[in-house]
Amino acid sequence: MSFSLPDFRRKWSCRGYMSAGAAMVTVALGLVLVPAERAEARKHPAPLDIFGLGTPRPRAAARAARIPLPRPRPAEAPKATDEAPPEAEGKPSADQPAADKPGEAAPPQKQASACRLALTEDIAIAPSIPDIRGPGACGGEDLVRLEAIVLPDKRKVTVKPAAILRCTMASALADWLRRDIVPLAASLGSPISDLDNFDSFECRGRNRVAGAMLSEHGKANAIDIRAIKLANGQSIGLTDRTTSREVRERVLHSVCARFSTVLGPGSDWYHEDHIHLDLAQRRNDYRICQWNVWDPLPQVAPLLPAERPQEAPPREVAAKPEAKEGADDGGAETPPAPADKPAADGSKTRSHQSATKKRR
């Protein structure tokens, strides 16, 4: 059987038209079918589903979620009104996380230092304070607020105002006062009552100079003292030149034996009115003790002349050198020239007596 090229093209064109027509009929049937018939048609695959418009696959049926019910309350359980709060039983409450949960463990408590354990209330009233983290290297750890020092006889020496110091510095200050200053005050006839604190912790450079090296005051490792006051009202000024030199020298020797730095009068003009004490650590345990104990100030001369003693002879009859020389020569005493006698040049001469009176 022979056919030409035009017949072949006509035959394939007819097949294409027939396929397109079948697809259009399928779409039309899908739109016209009623819901009941559409549901029935879903059971069978659609013929000639060229464009993928067939019936979708049925979904798996969703399972109902099973919610567990709480267990029944036991008969021996206490009533709700009799239940103790979680805090009373030592159990964490709802708003307070449990300490045994991972990631929510309570921070461990800081262990007390040996100095803190030794500085008891029998030595000083010095409660601990949190660590200070200031700018740069200011601040420190193991800090206390030294409020008073307890003497061996249970008397309290108040630190005015209270000093913020490291525990080691506060302990050294308490030992110095209890062991060295108590005997000194006893020799003066009165116990100690107050300690004049001029400066303790302060985040600053040395001598308050901008840009200077950090002072030991900035590390809470220094204190400035001006005076020690006694119970009878007497004040021992450590830089007061009216205070006994012996007393000031005893204080000088005691502080230089206990502290690594002592600065006072003579070191620089910043410490002319107080004494600086600290426990700075240096190489080879090097110490600095610069405090000149000046001599007492000389007594000021009185502004008025001293009163003339009663047993002194009158000035009018006091012997004159000229009269004594004339008496030795056997000559007659020359009477004094009158005060108003004119001189050869016309001026008046003053008497020797009046000149002597004005010369005093």
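Structure data summary
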quantity: Computed accessible area, Leu238, all protein chains, 1.4 angstrom probe, square angstrom; calculated: 10 Å²
quantity: For segment 123-137, 3J(HN,Hα) per residue [Karplus equation, 6.51 cos²θ - 1.76 cosθ + 1.60, θ = phi - 60°, Hz, x = Gly/Pro]; calculated: 10, 7, 8, 9, x, 6, 10, x, 4, 10, 10, x, x, x, 9
quantity: Accessible area in square angstrom per residue, segment 199-285, 1.4 angstrom probe; calculated: 49 Å²
quantity: Candidates per trypsin sites (Lys or Arg not before Pro) in segment 137-241, loop by DSSP, up to 16 other Cβ within 10 Å; calculated: Lys154, Arg155, Arg204, Arg241
quantity: Selection of trypsin sites (Lys or Arg not before Pro), segment 262-309, meeting DSSP coil and at most 11 other Cβ within 10 Å; calculated: Arg282
quantity: Area of Trp291 that stays accessible when all protein chains are in place (1.4 Å probe, Å², to 10); calculated: 20 Å²
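The values are calculated or read from the model by the stated rules, or taken from the named source; none is laboratory data. None of these values were measured; they are calculated from a predicted model. Positions of Cβ are backbone-derived with ideal geometry, glycine not excepted, and every protein chain shown enters the neighbour counts. Heads up: the accessible areas ignore ligands, DNA and RNA and are worked out on the full protein's heavy atoms, side chains in. Shrake-Rupley method; radii C 1.70, N 1.55, O 1.52, S 1.80 Å.
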